[in-house]
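For reference, the structure discussed in these notes is given below.
The values are calculated or read from the model by the stated rules, or taken from the named source; none is laboratory data. Computed from a prediction, not measured in an experiment: that's the story for all the values here. Here Cβ is always computed from backbone atoms with ideal geometry, including for glycine, and neighbour counts include all displayed protein chains. Side chains are part of the model used for accessible areas, which takes the heavy atoms of the whole protein and leaves out ligands, DNA and RNA. Shrake-Rupley method; radii C 1.70, N 1.55, O 1.52, S 1.80 Å.
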Amino acid sequence: TLLNEAIKAQPGDAAPQVALIDHLLGRRDLEGALATAQRAGAANSDSLELRDALGRVHTARGEVEQAIALYTATSRQLPQSVLPRLRLAEAYLATKRTSLAADQVQLALIDAPRSLHAQQLAATVALRQNNPSKALATARTVQAQRPNDAAGFTMEGEIEAALRHYAEAAAAYRKALAKAPSTHLAQRLHLALIGGGNDSEAARWAEQWRAQRPQDIAFVVHLADVALGRGAMEQAEQLYRTVMERLPDNALAINNVAYTMVKQGKAGALPLAERAATLAPNNSAVLDTLAAAYADDKQLAKAIDSQAKAVALAPDSAPLRMNLARLYLLADQREKAMVELDRLATLGKSFGGYAEVAQLRKKLGP
């Protein structure tokens, strides 16, 4: 509402238009973002910021070729601007046209040799071209240009982590943290320590960071997500409970506590899952957890209803559809289960649950 009021007050100012587009993208309102970008661009066709925003909307919608066409035209019309070239490079990287991306990055660096955006893309291109020494050389150039900045050391850490050189990545992240402490860098260092097999050091680091920054709830979420990914459900539950206590109305925190309880077979997950669904009734992950909690409580009809809603919200999610098929089987609704399994079978072996799908279809018969 405030952004729309700002646009009405200053219709020729691109800044609130771009802010509104970014806001809509953040909410995944891709149709609204596209309509806003097209309308704003038609009223101010010379604005580089609005053209860039429209290209980002096309990319978010999966319309990469349209974004490429737009950035190409913009680059020709505004050859002095580096940004369209960098967006082109990003689009080419997204479509695995690495050599074309390299060309655009090189042109951008000629015009803006100290552009951090261009240097970061140059390092990415070098890694894609299996040239890690060139990528690291770019990171060290950034370090020399910005000796008091974390950017170059962060870049080095990312490159070493991509190469699975976890000890080197951890060392680089420590240097970056010394320049500019941040939650993101703390998370990256923690992951590098785990990647290198230093679980005890990772735990000590996490404890130290939390002691120094007790208000950093994002780092606690990170620790909970890592525990969840490693199957440490009890640890994940306790960490998510810490988040829930700090953010009592956060639907995802509540949902994650319920999810870990379901996975452990603990009683009491259903009230939490229902509360999360009340707070976020259109979140497919929340509804998926609610369905699992209903199933554990032997309320199969409600479980199926919740899971079907989750699938309707995210129809391309194979795991959600697989969970629906399993619930139909539990309820002995074989025909409905087969419909879902047939759809999953079309994904082939690209779906991690393909073997289970094949087994269940064979079991159900023609």
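Taking all protein chains together and rolling a 1.4 Å probe, D111 ends up with roughly 90 Å² accessible. Modelled label positions at Q106 and A15, each set 7 Å beyond Cα in the direction of Cβ, lie 3.8 nm from each other. Could you please state, rounded to a whole Å, how far the C-alpha centre of region 184-242 is from the C-alpha centre of region 111-151? Between the Cα centre of region 184-242 and that of region 111-151, the gap is 29 Å. Ligands, DNA and RNA aside, R246 has an accessible area near 100 Å² when probed at 1.4 Å.
Kirkwood analysis of region 143-232, using all unique Cα-Cα pairs, places the hydrodynamic radius at 13.2 Å. In the full protein context, the chain carries 52 Å² of accessible surface per residue, based on a 1.4 Å probe and ignoring ligands, DNA and RNA.
Straight-line cross-link reach from K302 at under 25 Å between alpha-carbon atoms covers these lysines, not counting any fewer than eight positions away in the same chain: K263, K266, K336. Ranked by solvent-accessible area (1.4 Å probe, protein heavy atoms only, all chains present), the residues Y92, Y173, Y259 order from largest to smallest as Y259, Y92, Y173. When only alpha carbons of region 114-169 are considered, Rg and Dmax amount to 10.2, 30 Å. With all protein chains in place and a 1.4 Å probe, the accessible surface of the chain carries 52 percent carbon and sulfur. Remark: C-alpha extents of region 228-366 on the principal axes read 52, 30, 25 Å, sorted largest to smallest. Within the shell defined by Cβ-Cβ distances under 11 Å, the residues around V286 carry a net charge of 0, with Lys and Arg each +1 and Asp and Glu each -1.
Here the mean projected area of the convex hull built on the C-alpha positions of region 250-317 is 3.9 nm². Plugging the Kirkwood radius over Cα pairs into Stokes-Einstein for region 194-286, at a temperature of 10 °C and a viscosity of 1.306 mPa s, what D comes out in µm²/s? Once the numbers are plugged in, D ends up at 115 µm²/s.
With a 1.4 Å probe rolled over the protein heavy atoms of all chains, the accessible area of L2, L107, L88 falls in the order L2, L107, L88, largest first. The alpha carbon centroids of region 252-291 and region 302-334 are separated by 16 Å. Rg and Dmax over the alpha-carbon atoms of region 29-85 stand at 10.7, 33 Å. Taking the alpha-carbon distance from K96 and a cut-off under 24 Å, which lysines remain once sequence neighbours fewer than 8 residues away in the same chain are dropped? In chain and number order, the partners are K134, K349.
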